[in-house]
Amino acid sequence: MCIRDSHTGRCGSTKLWAILDRYYRAKYSGDNTEGSLKKLNRRYNLLEDNYFGLFEFYSPRFCEMRVKYPWLSVRVKQKDGLYPGHNITPEQDKEWTNLRFEAWDYVHHITCDHFNKNYLIKYPPFSPTYEEERAYHEGRMKLEDFEMNIPPTDGTDFIILRRRNKIEQGISRWLTNKTNLFFAERERDKTELIERTKKIYSKRLSFKVPAWAEHTGIILIDKLMDRLVDHLKKVSKNIREIYYEDIADLEPYEVLEFMGITDYEKYLDKNFTIPFIKTWTR
């Protein structure tokens, strides 16, 4: 079993990944604990367990970079003067992205090709740099100018996750990048922080969101995803497209049922939980 959850950002991918990861950990590795989105929990070892789950912040190469390249540990972008405290160059941003894709392919090579392990990987396949997004918006770059990172397709099932409402997606992305709050773990209740931040930026959002949703790549990334899906459909039959709105209000077990997984009660309690709460939504 090799599954890649490819997404366009701020579209429920962490929720879907956490639910599937909890199920597959229980099924293949006998681990029915809730787990954590911030701890690796033995995920360094690709050979010990029958299942390996990885998402953006779990990559071993990424963890190495957090020590070697601390400015890349949080990949924020300096846009329109919104992040004056973070001076990440386009070159540094691109380096982070390329190394992440290298790590993803390495995991596939080790777990699937050589040792017939099971894995679930979640990642955004497109991460245009600020300069690239700006160049596209100004007409200096076209879609065909963007490099397409083709993941291994042999034996791989693809989940393509998107969001129908681009304005809400733009709001979520703006708030996430502005506050560096990508998700909140349940044991650390950040509701007060979230509500306070929403109040601070609510007035500015009314003017920023439409431009932000377009300028920062929501529409661009959607078009790039269309191009990737068109390619994948030519080489793989195992592709499923899902929208945030399909799963946003479902309980974890209902998400599994939506995905066609019906044997979860063999491994988990029906009311199992995942280790995070919603942050930015509507």
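Just a few scattered comments:
- Among (1) at pLDDT 90 or above; (2) within 19 Å of the chain's Cα centre (by Cα); (3) not in a strand (DSSP E or B) - the single one Asp230 does not satisfy: (2)
- Selection within the range 80-138 - surrounded by fewer than 16 Cβ atoms within 10 Å (Cβ to Cβ), modelled with pLDDT under 75 and not in a helix (DSSP H, G or I): Asp80, Gly81, Pro84, Gly85, His86, Asn87, Thr89, Phe115
- Residue check for Lys278: modelled with pLDDT under 85 and over 18 Å from the mean Cα position of the chain (by Cα): no
- Of all residues making up the range 233-274, the number that are assigned to a helix (DSSP H, G or I), surrounded by 16 or more Cβ atoms within 10 Å (Cβ to Cβ) and among the aliphatic types (A, V, I, L, M): 3
- Residue count, the range 1-48 (criterion: assigned to a loop (DSSP other than H, G, I, E, B), over 30 Å from Leu228 (Cα atoms) and modelled with pLDDT of 80 or more): 6
The values are calculated or read from the model by the stated rules, or taken from the named source; none is laboratory data. Because the structure is a prediction, the values reported are computed rather than measured. Backbone-built Cβ (ideal geometry, glycine too); neighbour counts: all protein chains shown.
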